[in-house]
Amino acid sequence: MTPDSLPKQDDEQAVPRPEITDPADERAPVDPALFEQVAAEPPFTRAVTATPLHLETAGESHTNRWVTWNGYTVPEVLGDLTDEYRALRGSAVLMDVSPLVKYRIAGRDALAYLERLAAQPVAPLAAGHAQHVIFCEGGGFVLGDGMLFRLADDEYRLVTEETHLAWLADSAEGFRVRVEDVSATLGVLSLQGPLSCFMLTEIGVDEAAALEPGAARWVSIGGMPVYLSRTGATGDLGYELWCDAEDAPHVWRAVMSTGQPFGLRPAGFALRELARLEAGHPRAGHDYLSAFAAIEPRDMLPPAAIWPDFSIAASKGLFNGGAALRAAAHIAPSRRVVRLAVEGLEPVRFAAVSLGGKVAGVATSTGFSPALGANIALAILDTGALAPAGLAVLAERRDGLSIVETRLPARILAEPAFSHPRRMMVPAPSRA
């Protein structure tokens, strides 16, 4: 009996066959139930938390190198770090710094609230200006720091490296003040370099040259309202542009199209970190730990251990940690954050810092400074190790497939590796 002569099954038992409408179509029929349904959103949107400028920086990226900063995905290097550094010191760079944490603090008691929190006097801060502020817990140890902008009489913007919303909200009890995290609503562009003022005037922002360091005002760029501040952490002339999230891409394109003929380059997070290191600015969560995050008590630091020029102003009244700081004013901190320069003509990796063969501290941020022509670092050292000589680091470098350890001499820098006078000039210079 051949298959053709087998008895046919009843219609109820027969396996249904797909109807062939086109005899020339030889493709096998497809049952959609066998395959995973296409997601409504692209997969990458579930893995990337984008800033308002993500598409702009992605379009500029030639490396596909990304890092996470405060939960946002930002470019590490867009092209070549050396080229980006040359642009920063010779012309200007544009960076996306939107992941900075931003709070709006407003209400009738906003000033009283901030005076209670900050270790510096806040009342003298005028509208349209910003200042560096430090926050401590009750024992006088640092919780964090940031830039405080006074937008109006009863409205402020606090910009920090780490999030402090829960603590800020708890501290607002008893004050008629509202504290909001507005990080997602603002895009922030950092325009830094000797030609940054010139490029802003080319766009039509003539007010840029008259801004004092720390001052800010509303301007228009590309038809978009922008809060322009003369701030930054690169040790050079620079500005930051604060705008609504939906306006940020238009502002980015307006600045880039005007500045590119004059050498403006987009830059990533790696350049920001190198410039910050050369300027000697400690970063919260990296160069020092918040007192709430520190596990070991010795990792909690008072303000004077991180910023040597810190002192309590005579006009400062009651504030968090003030009693403890005043009581310990005559006692030197047991550990300090210092700037180091390490001998060597090539970049090396190191962490431990020693004095006389004994570990005396740890390097928290390291990098090779083109301005100084040496490896530099921010490090936390025991106060007893703050000696003029004898410091060393155990550096690692690769030699073929081997790791070679070398002990290199180190010294404490009294000044930042890079700090140009033009960052404080008024009016700001329009040429390098």
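The values are calculated or read from the model by the stated rules, or taken from the named source; none is laboratory data. Computed from a prediction, not measured in an experiment: that's the story for all the values here. Cβ coordinates were reconstructed from backbone atoms using ideal geometry, including for glycine residues, and neighbour counts include every protein chain displayed. Only protein heavy atoms, including side chains, enter the accessible area calculation; ligands, DNA and RNA are left aside. Shrake-Rupley method; radii C 1.70, N 1.55, O 1.52, S 1.80 Å.
Applying the selection to segment 323-365, what residues are open to solvent by 20 Å² or more (accessible area, probe 1.4 Å) and β-branched (Val, Ile, Thr)? If the condition is that a residue be open to solvent by 20 Å² or more (accessible area, probe 1.4 Å) and β-branched (Val, Ile, Thr), then Ile331, Val348, Val359, Val362, Thr364 are the ones that fit.
Inside segment 160-198, residues that are touching a residue at least 60 places away in the same chain (Cβ under 8 Å) and under 23 Å from the mean Cα position of the chain (by Cα) make up a count of 27.
I'd like to know if segment 183-194 contains one or more residues that are of a type outside the set (D, E, K, R), under 23 Å from Pro429 (Cα atoms) and in a loop (DSSP other than H, G, I, E, B). Scanning segment 183-194, I find at least one residue that is of a type outside the set (D, E, K, R), under 23 Å from Pro429 (Cα atoms) and in a loop (DSSP other than H, G, I, E, B), so the answer is yes. Scanning segment 377-392 for residues that are buried (at least 21 other Cβ atoms within 10 Å of the Cβ) and touching a Leu at 6+ places or on another chain (Cβ under 6 Å) gives Ala377, Ala379, Ala385, Leu391. Pairs are defined by a Cβ separation below 6 Å, a sequence spacing of at least 6 or placement on different chains, a first member in segment 73-97 that is closer than 12 Å to His54 by Cα, and a second member that is basic (Lys, Arg) and open to solvent by 10 Å² or more (accessible area, probe 1.4 Å); the pairs so defined are Met95/Arg272.
Could you list, in sequence order, all residues of segment 244-259 that are surrounded by fewer than 24 Cβ atoms within 10 Å (Cβ to Cβ) and in a helix (DSSP H, G or I)? Full working, then the answer.
As a first pass, look at segment 244-259 and keep what is surrounded by fewer than 24 Cβ atoms within 10 Å (Cβ to Cβ): 244-247, 249-250, 253-254, 256-258.
The answer is Pro249, His250, Arg253, Ala254, Met256, Ser257, Thr258.
Taking the criterion of being part of a loop (DSSP other than H, G, I, E, B) and among the small types (Gly, Ala, Ser), would at least one residue in segment 155-177 satisfy it? Yes, because at least one residue in segment 155-177 is part of a loop (DSSP other than H, G, I, E, B) and among the small types (Gly, Ala, Ser). Mind listing just one residue for me: the one in segment 63-88 that is of a type in the set (D, E, K, R) and within 19 Å of the chain's Cα centre (by Cα) and, of those, nearest to Phe368 (Cα to Cα)? By that ranking, first place goes to Glu84. Does Phe368 meet the test of being on the phi < 0 side of the Ramachandran plot, modelled with pLDDT of 95 or more, open to solvent by 30 Å² or more (accessible area, probe 1.4 Å) and of a type in the set (Phe, Trp, Tyr)? So Phe368 passes the test.
Could you run through segment 135-154 and say how many residues are part of a strand (DSSP E or B) and within 16 Å of Ala110 (Cα to Cα)? Break it down into steps so the answer makes sense when it comes.
Quick first cut of segment 135-154, residues part of a strand (DSSP E or B) only: 135-136, 142-152.
Still in the list and also within 16 Å of Ala110 (Cα to Cα): 135, 147-152.
Counting residues in segment 135-154 that are part of a strand (DSSP E or B) and within 16 Å of Ala110 (Cα to Cα) gives 7.
If I filter segment 79-87 for residues that are closer than 14 Å to Leu264 by Cβ, open to solvent by 40 Å² or more (accessible area, probe 1.4 Å) and not aromatic (Phe, Trp, Tyr), do I get at least one hit? Yes: one or more hits.
Kindly check whether there is at least one residue in segment 304-325 that is of a type in the set (Lys, Arg) and assigned to a helix (DSSP H, G or I). No: zero hits. Scanning segment 406-432 for residues that are open to solvent by less than 80 Å² (accessible area, probe 1.4 Å) and touching a strand residue (DSSP E or B) at 6+ places or on another chain (Cβ under 8 Å) returns Thr406, Leu408, Pro409, Ala410, Ile412, Leu413, Pro416, Ala417, Phe418.
Screening His286 on (1) surrounded by 18 or more Cβ atoms within 10 Å (Cβ to Cβ); (2) not in a helix (DSSP H, G or I) shows it passes everything except condition (1).
Of all the criteria given as (1) open to solvent by 30 Å² or more (accessible area, probe 1.4 Å); (2) within 21 Å of the chain's Cα centre (by Cα), the one not satisfied by Gly235 is (1).
For segment 195-232, a residue qualifies if it is open to solvent by 10 Å² or more (accessible area, probe 1.4 Å), assigned to a helix (DSSP H, G or I) and among the small types (Gly, Ala, Ser), and the qualifying residues are Ala209, Ala210. Scanning segment 260-283 for residues that are open to solvent by less than 30 Å² (accessible area, probe 1.4 Å), touching a strand residue (DSSP E or B) at 6+ places or on another chain (Cβ under 6 Å) and in a helix (DSSP H, G or I) yields a count of 4.
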